[in-house]
Amino acid sequence: MKNVLCFGDSNTFGTNPAKPGTRHPFEVRWTGRLTSLLGSEWRVIEEGMGGRTSVFDNPLEPQRSGLKALPIALQSHRPLDYATVMLGTNDLKEIFNASPRTIAAGAETVARAICDYDYAGCGPAPKILLISPIHIKPGISQSPYIGFAEDAVERSHELVRWYREAAERNGWLFLDAATVAEPSDLDKLHMEASSHARLATAVAKILMDDATE
């Protein structure tokens, strides 16, 4: 059995834009759909958390740094064959004042920490699928989810260049989630069921193609 860790924020957790604070059912979330698409030879491990950043500490939302949470997840879920990293959306919040290049560097830092972790007898390190997150839609400053200014929209479109460069530099698998998925018009931030389905299909293809090489 191949084990894949899906490490991300609220769009990996599956926050439902129609009902703020709630979660899509397992069979709707992209990680749940991925489980069905990959089949019984794979085990998909969900590690999504609302508000999670790549490396930043947010005093308004404590304990959300992905880099700090990562060792616990890796220790708990090893051995791993693959790890997907889809972080960066929350790094666009006004409090961090981070450029797209800096945000990509944060996601790269998380992915590299996965590669460099000491898996001991449960090694080797998993292969990385770095995912550039979906775009944010205009109107985000009026969303139920506070912390985003309108300039987050433009910066979200600029992330892919730097994420792709990070993946190429490290020899990782790569996906631009914005090519297959988008946020809901309801909250400008979280995916509806159709986007979860398309994202799951794209991730499944990348993983299955790589596993058969």
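The values are calculated or read from the model by the stated rules, or taken from the named source; none is laboratory data. Nothing here was measured: the structure is a model prediction, and the numbers come from that model. Positions of Cβ are backbone-derived with ideal geometry, glycine not excepted, and every protein chain shown enters the neighbour counts. When the accessible area is computed, the model is the full protein with side chains, heavy atoms only, and any ligands, DNA or RNA have been set aside. Shrake-Rupley method; radii C 1.70, N 1.55, O 1.52, S 1.80 Å.
Things to note:
- Only listed residue being crowded, with 16+ Cβ neighbours inside 10 Å, part of a helix (DSSP H, G or I) and of a type outside the set (S, T, N, Q), chosen from LEU207, LEU189: LEU207
- Conditions (1) open to solvent by 70 Å² or more (accessible area, probe 1.4 Å); (2) charged (D, E, K, R); (3) touching a residue at least 40 places away in the same chain (Cβ under 8 Å): number failed by GLU213: (3)
- Criterion (farther than 21 Å from LEU70 by Cα and touching a Leu at 6+ places or on another chain (Cβ under 6 Å)) met by exactly one of PRO144, PRO183: PRO183
- When segment 28-60 is limited to residues that are of a type in the set (D, E, K, R) and without any contact (Cβ under 8 Å) to a residue 60 or more places away in the chain, the one that is least open to solvent (accessible area, probe 1.4 Å) turns out to be ARG52.
- Residue check for LEU159: among the aliphatic types (A, V, I, L, M) and farther than 14 Å from ALA105 by Cβ: no
- Members of segment 112-151 that are among the hydrophobic types (A, V, I, L, M, F, W, C) and either open to solvent by 80 Å² or more (accessible area, probe 1.4 Å) or part of a loop (DSSP other than H, G, I, E, B) (or both): ALA125, ILE134, ILE136, ILE146, PHE148, ALA149
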